[in-house]
Amino acid sequence: MRVMIAGGGRTGSHLAELLLAQGHDVRLVENRPATIANLHRELPTEIIVEGDPTDPNVLEQAGIREAHVLAAVTPDDADNLVIAALGRIQFGVRRIIGRVNNPRNAWLFNQDFGIDVALNQADVMAKLIEEEMSLGDMMMLLKLRRGEYSIVEEKLPPQSPMLSVPLKDLPLPNECVIAAIIRKGKMLIPRGTMTFEEGDEVLAVVHNDSLNVLKALFGSMPRGRE
């Protein structure tokens, strides 16, 4: 997958490192001399494109027409909005991510400016705090479909209602799937007749509306307190 990153600060450089490690084709556009010097020490030279990421000519030379994803992560919100609009309107990039530096500007980062996903650090922190306060021992691993679904993990406690009950008989929420069970360091594929044991690490995919129902079933809070 070709990913173009506009902005080579800490966010952009770290994102590039992660994507390269996953085998993706990355191009990173940056025009600040000091930042460029740091990038050449951290990343392969061939992925770095020196130039103004708000300039459509620079973006085109960097190969934006072949990009599947554009990440506008400069430290300037106005620049990120311009880059996103160029990516969507002029170059037709299918998926665009925009970084929100000032939370007061978050309302601008929407599909009117061509942005599919807005990365608002203040909003992310608030949601993480809310999840930690509300989910108890359930661990949130990943958000899917713009936050509608979550991949969660729970180590079943001694009081879990799931213990010794066959999977097929569990009253799981409609929008919930048990994806895997890790027992004594080994992964088990869920089957209808299998039963759960204390200490099993259960991975599930669940809609956010059903998180508390699943949490009660896991036993991470007393039943009847959904």
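The values are calculated or read from the model by the stated rules, or taken from the named source; none is laboratory data. Since we're looking at a predicted model, the values are computed, not measured. For neighbour counting, all protein chains shown are included, and Cβ atoms are generated from backbone atoms with ideal geometry for every residue, glycine included.
One table, with the values for the structure above:
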quantity	calculated
Selection status of residue 83, at pLDDT 95 or above, crowded, with 19+ Cβ neighbours inside 10 Å and either assigned by TED's automatic domain parsing to the domain that holds residue 16 or on the phi < 0 side of the Ramachandran plot (or both)	yes
Sole exception among (1) surrounded by fewer than 12 Cβ atoms within 10 Å (Cβ to Cβ); (2) modelled with pLDDT under 75 for residue 126, by number	(1)
One residue from 33, 53 being within 17 Å of residue 115 (Cα to Cα) and at pLDDT 95 or above	53
Test: residue in segment 207-223 that is more than 30 Å from residue 120 (Cα to Cα), of a type in the set (D, E, K, R) and not assigned by TED's automatic domain parsing to the domain that holds residue 116	yes
Of residues in segment 1-23 being closer than 20 Å to residue 84 by Cβ and hydrophobic (A, V, I, L, M, F, W, C), the one surrounded by the fewest Cβ atoms within 10 Å (Cβ to Cβ)	1
Restricting segment 90-107 to residues that are farther than 17 Å from residue 68 by Cβ and surrounded by fewer than 18 Cβ atoms within 10 Å (Cβ to Cβ), the residue that is modelled with the lowest pLDDT	103
So residue 44, is it loosely packed, with under 14 Cβ neighbours inside 10 Å, modelled with pLDDT of 95 or more and not small (Gly, Ala, Ser)	yes
Counted residues, segment 34-79 - those being touching a Pro at 6+ places or on another chain (Cβ under 9 Å) and assigned to a helix (DSSP H, G or I)	3
Unmet criterion (only one of (1) at pLDDT below 70; (2) under 24 Å from residue 87 (Cβ atoms)) for residue 118	(1)
